[in-house]
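Student: Just passing along the structure, written as structure tokens.
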């Protein structure tokens, strides 16, 4: 009993095996494999999403230097890094940033209302530290 062969079935259904020359059969085979690859790519794109990323020369060099093992795949490293970043990154929205900033301004205003006459130098140092703290936290929230 003959086994089923999709290529042979395709060639037989087109009638090229009976009526075609060797060149016609080769062309039909090539066309068959092109259509198989297209269908495979279509099915793959339905299941998995892909992205194209371009790197400048310095970025590429930094990426290669970041690889732990010389034989490891660059694409696997990029995929792993992106997934780790997606899992670990905590996204802070603009509303939260505004609320944090508002809280800092309230605290700043309350510090300013303290009686400055008694310990002026000490209060100025506290205010400067507070401003530095605010800038650090805002830069962390923005990054």
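The values are calculated or read from the model by the stated rules, or taken from the named source; none is laboratory data. The structure displayed is predicted, hence computed values, not measured ones. Every residue, glycine among them, receives a Cβ derived from its backbone with ideal geometry; neighbour counts consider all protein chains shown.
Student: Tell me which of these residue 52 doesn't satisfy, since it passes every other one: (1) modelled with pLDDT of 80 or more; (2) part of a helix (DSSP H, G or I).
Tutor: The failed condition is (2).
Student: Quick one: what pairs do we get from the stretch 45-63, first residue touching a residue at least 40 places away in the same chain (Cβ under 8 Å), second in a helix (DSSP H, G or I), C-beta under 7 Å, 6+ apart or different chains?
Tutor: No pair meets every condition.
Student: Output the residues belonging to the stretch 14-29 that are surrounded by 10 or more Cβ atoms within 10 Å (Cβ to Cβ), assigned to a helix (DSSP H, G or I) and free of Cβ contacts under 8 Å to residues at least 12 places away in the same chain.
Tutor: 17, 24, 26, 27
Student: Condition first: touching a helix residue (DSSP H, G or I) at 6+ places or on another chain (Cβ under 8 Å) and surrounded by fewer than 10 Cβ atoms within 10 Å (Cβ to Cβ). Now tell me which residues in the stretch 40-67 satisfy that.
Tutor: Keep residues of the stretch 40-67 that are touching a helix residue (DSSP H, G or I) at 6+ places or on another chain (Cβ under 8 Å), which gives 53, 55, 63-64, 66-67.
Residue satisfying the conditions is 53 alone.
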